[in-house]
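Undergrad: Before anything else, here's the structure in question.
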Amino acid sequence: MHEMSLMGDILQLVQEDSSQKGIEKIGKVELIVGEISNAMPDALRMAFDLFREQNLHLFTENAELIIHLEEAEAECILCGTQYRPSQKIALCPNCQVPSGKVLKGETFQVLSYEGSNE
Amino acid sequence: MKVTLRTDVLTNNNKAAEFNRELFESTRTLVVNLMSSPGAGKTTLLEETVRALTEKYRIGVIEGDLATEMDADRIRAMGAKAVQINTHGGCHLDARMVAASLAEFDLEEIDILFIENVGNLVCPSGYDLGQNHKVAVLSVPEGNDKIPKYSQMFMRTELVLLNKIDLLPYLDFSVEEARKDLSEINPQSELLPLSARTREGLHEWFSWIEGAYLKCVQQ
């Protein structure tokens, strides 16, 4: 897995924005992580802690990572049933036909961060 | 103070992928991103592909590996231009690595570019490289369970090459089951059974490439 490099990308996006705004320290960082986005929340938390320990000067004392999980959701194009997909993502539990389209669950976003100049 | 970003984590990768895509479009180069687990036979398949198509098309290959030039050397031996990217432990290629390696090609002189991703069925699937097509290679000895287990890979590929079908008589692999599993994950995806070793089924793969190439240059 590559959550360390993903966390590098996340913090780069945050820092680019914070330095433009003249913000000195990063506090809370909030992410939206989709269930089928290929990113693992636990590994992201570990990566965040590691980055923070190694770059204490960039973070406030109570900096933390908040992850909002986005459940996967699919809709059958034949019968309209909305369902939470299992591994067989396209299989509609109602018609038993592979006619489902993913609606949600692929998001992987930096939602927000808190900045501080203390 | 709270700042709302709502920015995709892979924004920088996606920008580089767009850069690559525009370049590929302007030079009318067909680009195929090949992904699989280690040992599925991507390089052997590419050797056979280069051997068969090199008289008709100018082929380039980007080889992604953790380390060594071994795969690029095998492709060069077949007469294609090959550039090795070593990720030094990184589990996937990203669009920036591909963009950097493109400087070593004259894309005007390349009709078809294959990108052989790092052997890994998880990480490469999320990274857009700017390719026209994502193709997965699965091999018979890996077993039927790989398609449902790695559904996030197979939901993002449009073609699955089922390699090493010469081993079907010796192993409990069901092509029908693989086809069914794939259709239940990604009904738009196709499964092509073949063997790079015995060359059975390779013609269907070559026809697929030629069809994709025609579509690419007609656009």
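Undergrad: Kindly indicate whether B:A136 is without any contact (Cβ under 8 Å) to a residue 12 or more places away in the chain, away from chain A (no Cβ under 13 Å) and on the phi < 0 side of the Ramachandran plot.
TA: In short, no.
Undergrad: For B:L171, indicate whether it is touching a residue at least 24 places away in the same chain (Cβ under 8 Å), buried (at least 19 other Cβ atoms within 10 Å of the Cβ) and not acidic (D, E).
TA: no
Undergrad: Looking at the stretch B:96-116 only, could you name the residues that are crowded, with 22+ Cβ neighbours inside 10 Å and in contact with a Lys or Arg (Cβ under 8 Å, 6 or more places away or on another chain)?
TA: Correct list: B:I110, B:I112, B:E116.
Undergrad: When A:E35 is evaluated against the numbered criteria (1) in contact with a strand residue (DSSP E or B) (Cβ under 9 Å, 6 or more places away or on another chain); (2) without any contact (Cβ under 8 Å) to a residue 60 or more places away in the chain; (3) within 12 Å of chain B (Cβ to nearest Cβ), which criterion, by number, is the only one it fails?
TA: A:E35 satisfies every listed condition except (2).
Undergrad: So in the stretch A:5-19, with the set limited to residues that are more than 10 Å from chain B (Cβ to nearest Cβ) and of a type in the set (S, T, N, Q), which one is nearest to B:Y127 (Cα to Cα)?
TA: Top of the filtered list is A:Q15.
Undergrad: For the stretch B:78-103, name all the residues that are touching a residue at least 24 places away in the same chain (Cβ under 8 Å), more than 14 Å from every other protein chain (Cβ to nearest Cβ) and not basic (K, R).
TA: Once the filter is applied, which keeps residues that are touching a residue at least 24 places away in the same chain (Cβ under 8 Å), more than 14 Å from every other protein chain (Cβ to nearest Cβ) and not basic (K, R), the stretch B:78-103 yields B:M78, B:G79, B:A80, B:V98, B:A99, B:S101, B:L102.
Undergrad: Another question, if that's okay. Which pairs do you get when a residue that is facing chain B (nearest Cβ under 8 Å), found in the stretch A:96-108, comes within reach of a residue that is outside any strand (DSSP E or B) and at pLDDT below 95, reach meaning Cβ atoms under 6 angstrom, with the pair 6+ apart or on two chains?
TA: Matching pairs, first to second residue: A:F108/A:S37; A:F108/A:A39.
Undergrad: Can I ask one more? Output the strands (runs of 3 or more DSSP E) that fall wholly within the stretch B:1-111 and possess 2 or more residues being of a type in the set (D, E, K, R) and under 19 Å from B:P124 (Cα atoms), or say none. Break it down stepwise before answering.
TA: Numbers: elements: B:2-8, B:30-36, B:59-65, B:81-86.
Counting at least 2 such residues, we get B:59-65.
Undergrad: Of everything in the stretch A:65-91, what is part of a loop (DSSP other than H, G, I, E, B) and either within 19 Å of B:Q152 (Cβ to Cβ) or touching a Leu at 6+ places or on another chain (Cβ under 7 Å) (or both)? Give them in sequence order.
TA: Within the stretch A:65-91, A:E71, A:A72, A:R84, A:P85, A:S86, A:Q87, A:K88, A:I89, A:A90 qualify.
Undergrad: While we're on this one: Which ones in the stretch A:30-62 are over 27 Å from B:K149 (Cα atoms), in contact with a helix residue (DSSP H, G or I) (Cβ under 6 Å, 6 or more places away or on another chain) and not in a helix (DSSP H, G or I)?
TA: Matches in the stretch A:30-62: A:F59 only.
The values are calculated or read from the model by the stated rules, or taken from the named source; none is laboratory data. These numbers were taken from a predicted model, which means no experiment stands behind them. Using ideal geometry, Cβ is built from the backbone for each residue, glycine included, and neighbour counts are taken over all protein chains shown.
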